[in-house]
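Please treat every number below as a calculation from the coordinates, not as lab data. All figures in this text were calculated on a predicted structure; none of them were measured in a lab. We place every Cβ from the backbone using ideal geometry, glycine too, and count neighbours over all the protein chains shown.
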Amino acid sequence: MSSSTRGRAPAANRPAGLLSRRTVSHAVIILVGLVMLYPLIWMLSSSFEPNSEIFGSSSVVPTSPSLDNYVNGWSGTGKPFSLYLVNSLLICGLTIVGNVLSCSLAAYAFARLSFVGRRLLFGLMLGTIMLPQHVTLIAQYSIFRDLDWVDTYLPLVVPKFLGTEAFFIFLMVQFIRGLPRELDEAARIDGCGVFQIYLRIVLPLLRPALVTTAIFSFIWSYNDFFTALIYLSDPDKLTVPLALRTFLDSSGQSEWGQMFAMSLVTMVPVLVAFVLFQRRIVEGVATSGLK
């Protein structure tokens, strides 16, 4: 066999080997994806079955499909489930506004302004990320109780307007630091003050990070069970996670089918938000300034 023939043999086998590796990797990814999706698919199937058949088998095909769980679950708590959706969306909307405004202002101050103790305060702010919520729970509850805010939405909303989300502040600080300072200097020459620079220069360029903050604020607030459990007790003020909990009864009959049905209904807003803005999420986290 000539030297030229020996040189071409590996090249001829290379595409077949590459195709084989890709096939195996894709098969593994699909298998892992199916394993991860199985609980969701099982819950979808169980939402069409009566309670007596839900835990009878692990099949994802309902034996006697019915929409009764959706119909009965919508008013299964004694009130229309739309009430809890409206409550959650109201809290989410105020949370988004509060985080976007307060965190962007705090980030602009840390990234662009010079003041005494800036580095110390920035370090303390980052340190709160590692502080568990349960550490400050009793102190916060005592403050809100003295303010007569318990059983209202104020404990869930007001802190968001005070720049308490260190993760979002850090995200915006890193983004603002990537913006050229020449833009600030040019605006200052044109007569803009500190707040005008924030409004006219920084804020428009900060849009990817603001969108990311808004989306994560919506998801985290919408799924928040613990904080709402601590401060809310009025049935008319319950949020979606608390409403879903009412379908379970530790001393009686739990309505699993209705809970699964309403769980799927409550997933719709989050899925829609993620599908519509998934590119913005990646863009906001990955980018660090002008391109």
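May I ask you to sort Cys192, Cys103 by Cβ crowding, counting other Cβ atoms within 10 Å and putting the fewest first? Before the final figure, lay out the partial values.
Numbers: Cys192 16, Cys103 26.
Sorted ascending by nearby Cβ count, the order is Cys192, Cys103.
Would you work out the Kirkwood radius for the chain? I mean one over the mean of 1/r across all pairs of different Cα atoms, in Å. Don't skip to the answer; put the middle values down first.
On the way: mean 1/r = 0.0428 Å⁻¹.
Taking the inverse mean of 1/r over all distinct Cα pairs, the chain comes out at 23.3 Å.
With a sphere of radius 12 Å drawn around the Cβ of Met125, what net charge do the other residues whose Cβ falls strictly inside it have (Lys, Arg +1; Asp, Glu -1)? If you can, show how the numbers build up before the last one.
Numbers: positive: Arg118, Arg119; negative: Glu165.
Summing Lys and Arg as +1 and Asp and Glu as -1 gives +1.
Could you give the nm distance between label points at Thr152 and Ser64, where each point is 7 Å from its Cα heading toward the beta carbon?
5.1
In nm, to one decimal, how far is the modelled label at Leu101 from the one at Leu31, with both set 7 Å along Cα→Cβ?
5.3
For a Förster distance of 45 Å, can you work out the FRET efficiency between the beta-carbons of Leu131 and Ser75, rounded to the nearest 0.05?
On the way: r = 41 Å, r/R0 = 0.91.
Rounded to the nearest 0.05, the efficiency is 0.65.
Could you put Ile96, Ile189 in order, starting from the residue whose Cβ has the fewest other Cβ atoms within 10 Å? List each step's numbers first, then the result.
Numbers: Ile96 19, Ile189 8.
So the ranking, lowest neighbour count to highest, is Ile189, Ile96.
Determine the relative contact order of the chain: mean sequence separation of Cα pairs under 8 Å and six or more apart, normalised by residue count, in whole percent. Mind dumping the intermediate values first?
Values: 260 pairs, mean separation 83.3, N = 291.
RCO, the chain: 29 percent.
Which FRET efficiency value, to the nearest 0.05, do you get for Ser254 and Arg118 by plugging their Cβ-Cβ distance into 1/(1 + (r/R0)^6) with R0 = 35 Å?
Numbers: r = 53 Å, r/R0 = 1.52.
E(calc), rounded to 0.05, equals 0.05.
For segment 187-194, take each phi angle, set θ = phi - 60°, evaluate the Karplus expression 6.51 cos²θ - 1.76 cosθ + 1.60, and give the result in whole Hz per residue in order, putting x for glycine and proline.
5, 5, 5, 6, x, 7, x, 4
With unit charges on the beta carbons (Lys and Arg positive, Asp and Glu negative) and the dipole taken about the Cα centre of the chain, which residue among Leu120, Tyr231, Gly56 sits farthest to the positive side?
Comparing the listed Cα positions along the dipole, Leu120 ranks first.
May I ask you to order 229-242, 165-178, 266-279, 63-76 by the average number of other C-beta atoms within 10 Å around their residues, highest value first?
On the way: 229-242: 17.6, 165-178: 20.4, 266-279: 12.9, 63-76: 14.7.
Answer by packing, highest mean first, reads 165-178, 229-242, 63-76, 266-279.
How large is ³J(HN,Hα), in whole Hz, for each residue of segment 62-74 in order, when computed from phi with the Karplus curve 6.51 cos²θ - 1.76 cosθ + 1.60 and θ = phi - 60°, using x for Gly and Pro?
Per residue, the Karplus-derived 3J(HN,Hα) values read x, 6, 9, x, 7, 9, 4, 5, 6, 5, 6, x, 4 Hz.
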